[in-house]
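Trainee: Can you read through this structure? Questions will come right after.
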Amino acid sequence: MKKSLTFFVPLAVLTATFILLPRIATLPPAHHELALISPYLVAVTGMFLAVHFHRGRPFTALFLIALFHFCYRTFLAGGITGIAQQGFLYTFALLLPPNFALLALMRERGILSVAGRLRFTFLAFQAGAAWLLYRHHFEDLLPLLTRPFVTLAPLDNLPVPQPILAVTLVSLILTAILALRRQAPIESGLLGALAAFAIACARITTPDLPAAFCSAAGLIITLSIIQDSYNMAFRDDLTGLPSRRALNESLHGLGRRYAVAMLDVDHFKRFNDTYGHDVGDQVLKMVAKKMEGVSGGGKAYRYGGEEFTVLFPGKRSADAIPHLEALRKAIEEYRLAIRSDDRPKDQKQGEGKRGSRQGTTEVSVTISIGVAESGDGQGTTAEVLKAADKALYRAKNKGRNQVCT
């Protein structure tokens, strides 16, 4: 389900672009001209958001899309009529896809940071190298760039030759793999924008299509920035669970009947002091992973520190307790493997010890849970949370590793 949601926004925007494309030609002249410059408007909007949220990768991608549209409007709008037009199209079609794949591969380092400045220096170097090759060796390189791999009529009719299409395909596959692995909005946005760019290049001579799909590429990246900023505000970075702010928002939308569970990792401070904060983070991630699968319609949140919350909309405490007991038992039975200090940290040295217990320690973790429901003298969500917190302390005082109401 998560993997399909990763691609939902890009697919929706690309589908809408295909549907709306025939209507652009029917617009009045003033509106039609606005449609043709819409890639700039979308790119500037997205770049403003990228600057605001310090997102260098989408800023760079939007800059490249806007630059491509500028070159299209300036040199390619009349079609591929000569070697100059070929040079512009082949340069963008050859260089932009690998750069998008590199942006997806990189971690976010900001816009004006050292990494950001190096990124734009690298782009400037590519532009300079492309210009030199075009001026002095383009005709020599043209047979290599246009050499076909297979004989297929649909490929032969495309303005982009097969070797450059192969580079685009490899870049798309690499970006798709990264988007699937990371499940992150920016990687998903880069993939969708790269697909839109590939469509624009493949149909560069179709009226209005390049502008429409450049707008789609910019919109996809802009939406990915918005989604990423939402995750920053409402999702816990360590565990991936919705944060306390998201919990507060969800509490406002509950009906009259709901149950709230407060969870706490038992003896977490002592565990942290014994094994270190890195292992403590592993514990929190493990607990969060188990909580994501809680049954009974519960939704998990990270409340703060080692505390978590589960909401059960429309449920009573008695309805939620069996599902919380199953969660508590699943965490209690899980064995977390911890690398000991004398285990080799070098990957090659440690390969021989994988699959064995030598050099590792297995530990178990338990949680205490307090449950409260609305309508038991608690008039507000804050009062229900407070009641659940009191029930949590009763569970701790009774010996921990149990559920109390």
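The values are calculated or read from the model by the stated rules, or taken from the named source; none is laboratory data. Owing to the predicted nature of the structure, the values given are computational and were not obtained by experimental measurement. Cβ atoms come from the backbone with ideal geometry, glycine included; neighbour counts cover every protein chain shown.
Trainee: Could we say that V310 is assigned to a strand (DSSP E or B), under 21 Å from T380 (Cβ atoms) and over 25 Å from the mean Cα position of the chain (by Cα) here?
Mentor: Values: assigned to a strand (DSSP E or B): yes; under 21 Å from T380 (Cβ atoms): yes; over 25 Å from the mean Cα position of the chain (by Cα): no.
Answer is no for this residue.
Trainee: Let me ask something additional. Give the residue that is surrounded by the most Cβ atoms within 10 Å (Cβ to Cβ), with candidates limited to residues of the range 55-70 that are without any contact (Cβ under 8 Å) to a residue 60 or more places away in the chain and closer than 22 Å to D208 by Cβ. Break it down stepwise before answering.
Mentor: Narrowing the range 55-70 to residues without any contact (Cβ under 8 Å) to a residue 60 or more places away in the chain: 59, 63-64, 67, 70.
From what is left, the residues that are closer than 22 Å to D208 by Cβ are 64, 67, 70.
Details: L64: 21, L67: 15, F70: 14.
Step by step, filter the range 55-70, then rank; the result is L64.
Trainee: Next question. What is the number of the single condition among (1) part of a helix (DSSP H, G or I); (2) modelled with pLDDT under 90; (3) among the basic types (K, R) that R23 does not meet?
Mentor: (2)
Trainee: Condition first: of a type in the set (S, T, N, Q) and assigned to a helix (DSSP H, G or I). Now tell me which residues in the range 82-120 satisfy that.
Mentor: The initial filter retains those residues of the range 82-120 that are of a type in the set (S, T, N, Q), namely 85-86, 91, 99, 113.
Scanning the range 82-120 gives Q85, Q86, T91, N99.
Trainee: Among the candidates L123, L165, L155, which residue alone is at pLDDT below 90, hydrophobic (A, V, I, L, M, F, W, C), closer than 27 Å to A77 by Cβ and not in a loop (DSSP other than H, G, I, E, B)? Talk me through it step by step, then tell me what you get.
Mentor: Numbers: L123 fails: at pLDDT below 90; L165 fails: at pLDDT below 90.
One residue alone meets the criteria, L155.
Trainee: Right, next: Can you work out which of the residues in the range 185-216 that are among the β-branched types (V, I, T) and within 16 Å of F88 (Cβ to Cβ) is modelled with the lowest pLDDT?
Mentor: Just the residues of the range 185-216 that are among the β-branched types (V, I, T), to begin with: 186, 199, 204-206.
Within this subset, residues satisfying the condition of being within 16 Å of F88 (Cβ to Cβ) are 204-205.
Working: I204: 93, T205: 90.
Among those that are among the β-branched types (V, I, T) and within 16 Å of F88 (Cβ to Cβ), it is T205.
Trainee: Does L96 satisfy the criteria of being surrounded by fewer than 18 Cβ atoms within 10 Å (Cβ to Cβ), of a type in the set (A, V, I, L, M, F, W, C) and modelled with pLDDT of 95 or more?
Mentor: No; evaluated as a whole, the condition is false for this residue.
Trainee: Then there is this: Quick one: would you say K315 is part of a loop (DSSP other than H, G, I, E, B), assigned by TED's automatic domain parsing to the domain that holds V365 and among the basic types (K, R)? Walk me through it before giving the result.
Mentor: Working: part of a loop (DSSP other than H, G, I, E, B): yes; assigned by TED's automatic domain parsing to the domain that holds V365: yes; among the basic types (K, R): yes.
Yes, satisfied.
Trainee: Condition first: in a loop (DSSP other than H, G, I, E, B), over 22 Å from R73 (Cα atoms), of a type outside the set (A, V, I, L, M) and touching a Leu at 6+ places or on another chain (Cβ under 8 Å). Can you find one or more residues in the range 216-231 that meet it? Break it down stepwise before answering.
Mentor: Step one: of the range 216-231, the residues in a loop (DSSP other than H, G, I, E, B) are none.
No, every residue in the range 216-231 fails to be in a loop (DSSP other than H, G, I, E, B), over 22 Å from R73 (Cα atoms), of a type outside the set (A, V, I, L, M) and touching a Leu at 6+ places or on another chain (Cβ under 8 Å).
Trainee: Sticking with this one: Go through the range 349-383 residue by residue and tally those that are more than 19 Å from M286 (Cβ to Cβ), at pLDDT 55 or above and under 34 Å from the mean Cα position of the chain (by Cα).
Mentor: 4
Trainee: Among the listed residues R235, R257, which satisfies the condition of being within 28 Å of the chain's Cα centre (by Cα) and of a type in the set (K, R)? Show your work before the answer.
Mentor: Values: R257 fails: within 28 Å of the chain's Cα centre (by Cα).
Just a single option satisfies the conditions, and that option is R235.
Trainee: Taking V170 as meeting all but one of (1) more than 23 Å from V160 (Cβ to Cβ); (2) out of contact with any Lys or Arg (no Cβ under 8 Å at 6 or more places or on another chain); (3) assigned by TED's automatic domain parsing to the domain that holds T17; (4) surrounded by fewer than 22 Cβ atoms within 10 Å (Cβ to Cβ), write down the number of the exception.
Mentor: Result: V170 passes all but (1).
Trainee: Right, here's the next one. Tell me which residues, restricted to the range 199-230, are within 20 Å of L11 (Cα to Cα) and in contact with a Pro (Cβ under 7 Å, 6 or more places away or on another chain).
Mentor: Residues satisfying the conditions are A200, A211, C214, S215, G218, I220, I221, S224, I225, Q227, D228.
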